[in-house]
Amino acid sequence: MDTRDAPDLWPAGFFISAVPYGEDVVLPIWQVKDDWESVRAIRRSPPASVAPHGSKPGRWLAEAGMDVTVPRRLIVEARLACWLQAYVDDARGRLFVGHAAASWQDKRHAIARLDVVHVQPGMPLEVGEALVRVAVREVAEVGALCVVTAIDGPELRGLGFRPANDGGLTLHTREC
């Protein structure tokens, strides 16, 4: 696949990466190469017995005013499918501006649930869209047939989420 003319996954000036949550263990992520122009998939699933890192996963997100309770709980329950962070990388350092987390709803990992999408006030809508797009891509790449969520926002409907029969929204990545 030629990535030279591929559209950006996130708005200019913003970056998305996985939230590291354990010693030398990272959830499945889309890692950006050094030139920040092309993306390659790196999939490493941690064993369920890996304890969260002592510095508390997502500590820097909490310090930026974001609630990290749900992703931390999902780690303990060994159901976290992906946890992403959005940030601005400038001369002052990394300014964390949002995060998203998804979990597995079944043992087969066919259904993922988008549990958290948070973007700090004043950030462009495209940052939330990018977080959702990358989260959906992550879970689809490792087998999710559909993604469900109770979250309802314009960024979700714009990405193809539709009302589900039991409430909430759903996005079919393949036939579910």
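The values are calculated or read from the model by the stated rules, or taken from the named source; none is laboratory data. Owing to the predicted nature of the structure, the values given are computational and were not obtained by experimental measurement. Here the Cβ positions follow ideal geometry from the backbone for every residue, glycine too, while neighbour counts run over all protein chains shown. Heads up: the accessible areas ignore ligands, DNA and RNA and are worked out on the full protein's heavy atoms, side chains in. Shrake-Rupley method; radii C 1.70, N 1.55, O 1.52, S 1.80 Å.
Some points to look at:
- With protein chains left intact and a 1.4 Å probe, residues in region 46-176 average 51 Å² of accessible area per residue.
- Taking all protein chains together and rolling a 1.4 Å probe, residue 89 ends up with roughly 70 Å² accessible.
- Computed label-point distance, nm, for sites residue 77 and residue 12 using a 7 Å Cα→Cβ extension: 4.1 nm
- Sites listed here are trypsin sites (Lys or Arg not before Pro) in region 111-176 whose DSSP assignment is loop and whose Cβ has at most 10 other Cβ atoms within 10 Å: 174.
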